[in-house]
Amino acid sequence: MANLEGVLQAVGPRLRALRQQRGATLSQLSETTGISVSTLSRLEAGQRRPTLELLLQLARAHQVPLDELVDAPETGDPRVRPRPVTRHGMTFLPLTRRPGGLQAFKMIIPPRPDAEPDPQVHEGYEWMYVLSGRLRLVLAEHDVVLTPGEVAEFDTHVPHWFTNPGPGPAELLSLFGPQGERLHVRAGPAGR
């Protein structure tokens, strides 16, 4: 039981460090999670034992896996087992384990040839690589169709929108990072 007690004691400092890394106050975290400021303060100070319910809410708010909050040991299995998520008819398969920072996704987009552009903006930077099918990308005044092997990258503060003009499904890899985090592609010298 001593080991369990040590794990639980380490949760508070880890919670405080995560909150401070993100520059959030206890009040802001309270608004996000619905957990009272006093409870959050006591958790961080180690004066309250963390429950699974509280840890789940905090993991979601900090965008970290639950095992990171309790410093669970590595399983040693390097494989990522994506759980598909469907939004607006598109299927997203997360290819990275850790929320926050640079994220990789495989996207499967059904054909929507009649879709009308509705450009949006948000924080971040995006890189898209078309594996199969076609991807129509509207980026500010540009309206292009990308085909397999083509890449687009852009600051998501620029109004953008994309769809699959058909005829079949489109599959692409997407890397998305917070503002300022760009993908750095390095290539070795030719002939290697």
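Laboratory data are not the source of any read-out in this text; all were calculated from the coordinates shown. All values reported here derive from a predicted model rather than from experimental measurement. For neighbour counting, all protein chains shown are included, and Cβ atoms are generated from backbone atoms with ideal geometry for every residue, glycine included.
List of remarks:
- Modelled this way, with points 7 Å down the Cα-to-C-beta line, the labels at Ala140 and Trp161 are 1.8 nm from one another.
- If the segment from Glu53 to Glu31 were pulled out straight at 0.36 nm per residue, it would be longer than the present Cα-Cα gap by 6.3 nm.
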